[in-house]
Every structure is written in C-alpha cells, then in structure tokens.
Ligand SMILES: *Cc1c(COP(=O)(O)O)cnc(C)c1O
C-alpha cells in the first residue's frame, strides 16, 4: 500500500487528468473534419444549404424518426419544440430541477410557467408519480430529461401525458443514441430536442442543436419558426425567430455522426471498467435499468462525503465536475419556482452527493485506472481514520 506522502510527491511526476480533452478526438478524425470544412468553404454557401439538409436526413435516420430540423442550439431546440406544440403564456410545463437552466430559459421564452417536480432517487430523472401529482388544468407539456445519458422512465410519463392531452418534449441533449426498450430516445414523445454543444456525445465545433419528431405538422412548424416564420423567402406566415444550424457545423456533424455509435460503445466499455473497479466501495454507482442503453454522457457516482472525495481527487491532479451543484429552484433567479418545503428533497440531496468522473471515448485507460486507484485509496484512508 502506498503511503500518503509518496502519493503526494507522485503528483509532481504525474500529468494532470483532465475532465475531457476534445483535442484527442480531433486528432483521430482530423482528415475527415478538415476535408468537410474545406468542402463547405469551397462551396461558398453557409446557411441552410446542402450540408444542413443532408445532416438533417442522416440524423433523423439515425434516431429512427421521420423528421429532423437543425437549429442553433439545444436551448433553441427546446424553445422551438415548445412553440411548435403551441405552448403559450399562461400554460404550465413540468420538468425536473437537476438540469442546466436550458429548459427554464426555453419555457419562459415561450411565455409559459415552469413547474418543477422531484426526481427518482436512483435514475436521477423525472419521477413519473411526482409529475402526475403536479399536473393542473393549465399543464400543457412535460420535458423529461434523459440525464447523464440514461433514458428517463418514459412509459408511465407517456401514458399519463397521453391521457391528459399533455405534450411530451424529450430533452435528449445528453443522450444521443441511447435506447429505451430498444427504441432510440427522441422518438418516444411527441417531439425532441438535441444539443450539439462541443462536449456532448456528438458535438459541433461551436453551438448547434436539432429538433426531431415523427409528426409532419410539428416538423413543418419548427421549419417555419426557425427562420422568421418564412413560408417562402421574405414572407412571414407566422411569428418565428432566427435559429439556424450553419453549413460548417452541419458538415462537421456529418463526419462525427459516422463515429457516434463507436464512441458510445467505448463510453459504455469505460463505464463498465469504472463500475467493476469501484464495485467494492460504498459509492452509489450509475444504474443501468433493464432494457435500456445508457450512453454515459457522464459517469456519475454518489457519496455523502462528495466534497472530501472531490478535494482528494483534485489534490492528485484529477479534474471532476458536479452535475449540478445547485438545483434550479435554489438558484437566485429561480427561487420563485420553489414549491412546498421538502417536495424536491431527492433532487436537493443528489446535488450534495453526485460527482462526475472523467469519461470520454478517447480517454486513456491508464487515466481511468489512476482515477479508480485514487478513489480506492480515499476509501481506505477514511476507513483507517474512522478506526
Ligand atoms: C447541454 C444541455 C442543454 C442545452 O444545450 P445548448 O446547446 O447548450 O443550448 C439542454 N439540456 C440539457 C440536459 C443539456 O445537457
């Protein structure tokens, strides 16, 4: 067993372990990406051209959906999905509080009112029974988030929503390619939003997003809404916004889409390695519900002594992140959304305990072993100090 002293001096010899390193991926696909960028530049068309149309077809086919519309970001994809569903001022939209603010921004931009409900303690996704309890006569949509790459528990959410005429807008920003009972996310609800933020499982080299749906009417509305409501050029038939995916990002995403399944497979393999190396600790490890394909956008562990564990990893040069440190309803600008005390307690507790470990497809296996060893050391040391 290594002593604490020798480990502390080791860090001067060891390289820091980053949370993610996007340069490694670029090195592996440089030729394909550079070729795509050169192709777009030489065509001289940069907005809503052939690359976007081709990417839309390819991504719809990948998801197993009828339609895909490229937009400027994942947040815009959520907004456009809500607007296409005719969500208006006065409507309520239900979602969970343990996500980035994107859904809040989209709901409020649509003029609607967010209603936050608690999460399932193990999956960290929207609790279907909490959703059912929160539904009022004004509820028009629900946004389940497939968090960390794991599909939300969709069957009861879909069943309840269908019975009440509530639209189901999937937030797939962290779950490109994940499957729920064999079916890809993005095809489970009425309409879905994807983000291509650079660190997502498939990321652009800038901002990007997409709306995916099987419904031809919703698809057509999103197409109009993303560009000034134009039915034909310069003629607005409805009130829209400007939110377009550009040709350069679409060309790059077409290259990356060819690698997505392989990258997700590798994420799952690394996650399995972490899980087996950490199996004998008292950490809560990510749950993979039966008949689901988790795509490990994040590998999230849980422990009541998260703060100490994160500090210990940091001291040894290992970067980790907390997704997310403060639930939406405890953030300064969203305190008005806090419901009765205690009703979001599972989300609040998760925020205290979750920790995301480095995991990305090109991550060196030696890094993964060093992260695991450091965690095992941490538990050995706290066991010893506890007597
Ligand atoms: C990244 C993300 C978004 C927003 O995507 P942007 O492209 O950054 O606007 C929305 N929801 C979730 C769960 C995300 O992780």
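The values are calculated or read from the model by the stated rules, or taken from the named source; none is laboratory data. Everything quoted here is computed from the prediction, not taken from an experiment. Every residue, glycine among them, receives a Cβ derived from its backbone with ideal geometry; neighbour counts consider all protein chains shown.
Quick notes on this one:
- Top-ranked residue in the range 147-165 [being part of a helix (DSSP H, G or I) and touching a helix residue (DSSP H, G or I) at 6+ places or on another chain (Cβ under 7 Å); ranked as farthest from residue 298 (Cα to Cα)]: 160
- Test: residue in the range 116-138 that is touching a helix residue (DSSP H, G or I) at 6+ places or on another chain (Cβ under 8 Å), more than 15 Å from the ligand (Cβ to nearest atom), at pLDDT 95 or above and farther than 21 Å from residue 327 by Cα: no
- Filter pass, residue 45 being in contact (Cβ under 8 Å) with a residue 60 or more places away in the chain, assigned to a loop (DSSP other than H, G, I, E, B) and either within 16 Å of the ligand (Cβ to nearest atom) or within 21 Å of residue 158 (Cα to Cα) (or both): no
- Those strands (runs of 3 or more DSSP E) of the range 206-311 in which at least 1 residues are without any contact (Cβ under 8 Å) to a residue 24 or more places away in the chain, considering only elements entirely within it, cover 230-232.
- Leading residue by the ranking (nearest to the ligand (Cβ to nearest atom)) among those in the range 175-200 that are closer than 25 Å to residue 220 by Cβ and part of a strand (DSSP E or B): 195
- Note on the range 72-87: among residues that are more than 13 Å from residue 213 (Cβ to Cβ) and part of a loop (DSSP other than H, G, I, E, B), the one that is nearest to the ligand (Cβ to nearest atom) is 73.
- Residue that is nearest to the ligand (Cβ to nearest atom), among those in the range 94-107 that are over 12 Å from the mean Cα position of the chain (by Cα), outside any loop (DSSP other than H, G, I, E, B) and buried (at least 18 other Cβ atoms within 10 Å of the Cβ): 106
- Pairs with Cβ under 6 Å, 6+ apart, first in the range 167-180 and over 9 Å from residue 195 (Cβ atoms) and touching a residue at least 24 places away in the same chain (Cβ under 8 Å), second within 10 Å of the ligand (Cβ to nearest atom) and part of a strand (DSSP E or B): 169/143
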